[in-house]
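Comments concern the structure below.
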Amino acid sequence: MRTLHTADDLKAWRAQGAGTIGLVPTMGNLHAGHMALVNAARDACDRVVVSIFVNPLQFGPGEDLDSYPRTLDADIAALENAGVDAVFAPSVAQMYPHGGETATTVRVRGITDMLCGSRRPGHFEGVATIVTKLLNLVCPDRAFFGEKDFQQLAVIRRMVEDLCMGVRIVGVPTVREADGLARSSRNQYLDEDARRRAPTLAAALADCRERLEAGERDFAGLEARGWARLADAGFEPDYFEIRGPALQVPSAEMTEFRVLAAAFLGKARLLDNVPVPEPRT
């Protein structure tokens, strides 16, 4: 496995091989959810490159950029064991040579004005910008993203379609702990008591999904029920919303939905969502 740090390194690596390339963009501190993306990429592509870059443009004021866990050596070892072909781990100066404050950025209108986008101004502009740069540098055939960050996945799909980028964006189902908690690097911010209460988020989403599958269409009432359940468990809910499968406003005639929630539990902002109906395996 090669570890690459510059655009020139990446270009040279690309020229040394053939076949389809899969890209897995990450911010490091890898867990089983990331490895599910790696496995999906290995199954679909001849060569796999994983990027590790904590992107300052997607962190807002007061967010955890400085404290975000950085575990590059352990991540590289795990990726080598997983059979990855290359790791691209650039510096901030490599990705933003003129400084992030003056960087050219990418904005996806509309779909970023709701949910996390309305709570974290500029976040998705940072996401769209770094993903555009990575796609331009790696030139993959496919890029793999987790469904846990479903709005992010939707933003990237829209961006790739609108800008005619010619890469297939693949969504990979959320990986969960045995008690239902979605795997996330931010779970390590949970103390013992918060970790015990954290699965309530997944449970509230599952309850809403079951009620929608049973035919309930009082969206406001279901959202209020989910919000109250989180608040009763000690969360500070950020949002609990029912949307259509493309994140549009839901209607009673719809048969497919996406239920999404974000909530603070101590220092951790937990994010999760479920599709309706539940996928059958």
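Among residues other than LEU10 with Cβ under 14 Å from its Cβ, the summed charge is +2 (Lys and Arg +1, Asp and Glu -1).
Need one number: % antiparallel among DSSP beta bridges in the chain, to the nearest 5. In the chain, DSSP labels about 45 percent of beta bridges as antiparallel. Computing mean projected area of the Cα convex hull in nm² for the structure here picks out one of (1) 15.0; (2) 32.2; (3) 18.4, namely (1).
Database remark: amide H of ARG168 closer than 5 angstrom to the amide H of ARG142, ALA143 (H placed geometrically; neighbours at sequence offset of 5 or more, or on other chains; Pro and chain starts carry no H).
In this structure the amide hydrogen of VAL48, modeled in the peptide plane, comes within under 5 Å of the amide hydrogens of GLY22, ASP85, ALA86, none closer than 5 places in sequence on its chain. In percent, rounded to a whole number, the relative contact order of the stretch 1-154 is 35, using alpha-carbon pairs under 8 Å and six or more apart. Rounded to the nearest 20 debye, the dipole magnitude of the stretch 2-172 is 360 debye, with +1 charges on Lys and Arg beta carbons, -1 on Asp and Glu beta carbons, and the Cα centre as origin.
When DSSP beta bridges are restricted to pairs lying wholly in the stretch 127-281, around 75% turn out antiparallel.
Note on the stretch 52-125: with charges restricted to the Cβ of Lys and Arg (+1) and Asp and Glu (-1), its dipole about the Cα centre is near 360 debye. When you restrict to C-alpha pairs under 8 Å that are six or more residues apart and normalise by the size of the stretch 155-229, the relative contact order lands at 20 percent. The mean sequence separation of alpha-carbon pairs under 8 Å and at least six residues apart, normalised by the residue count of the chain, gives a relative contact order of 17 percent. Rounded to the nearest 20, the size of the Cβ-charge dipole of the stretch 81-159 about its Cα centre is 240 debye, with Lys and Arg at +1 and Asp and Glu at -1.
So for each of 170-177, 57-64 I average, over its residues, the number of other beta carbons within 10 Å; can you give me the resulting order with the highest mean first? Write down the numbers at each step before the final one.
Details: 170-177: 17.2, 57-64: 13.9.
With the highest mean Cβ count within 10 Å placed first, the list reads 170-177, 57-64.
Helical runs assigned H by DSSP (4 residues or longer) give the chain a calculated mean residue ellipticity at 222 nm of -11000 deg cm²/dmol, each run adding -39500 (n - 2.57) before division by the residue total. Each of PRO173, GLY146, ALA44 was placed along the dipole of the chain (beta-carbon charges, centred on the mean Cα), and the one lying farthest toward the positive end is ALA44.
Calculate how steeply helix 72-81 sits against the longest principal axis of the alpha-carbon atoms of the chain, using the helix alpha-carbon long axis, and give the answer as 0 to 90 degrees to the nearest 10. So the inclination is approximately 90 degrees. In terms of packing, defined here as the mean over residues of other Cβ atoms within 10 angstrom, the peptides 108-114, 249-255 line up highest first as 108-114, 249-255.
Within the same chain, lysines fewer than 8 places from LYS133 are excluded, and of the rest, those with a Cα less than 27 Å from its Cα are LYS11, LYS148.
None of the figures in this text is laboratory data; all of them are computed from the coordinates on show. Because the structure is a prediction, the values reported are computed rather than measured. For neighbour counting, all protein chains shown are included, and Cβ atoms are generated from backbone atoms with ideal geometry for every residue, glycine included.
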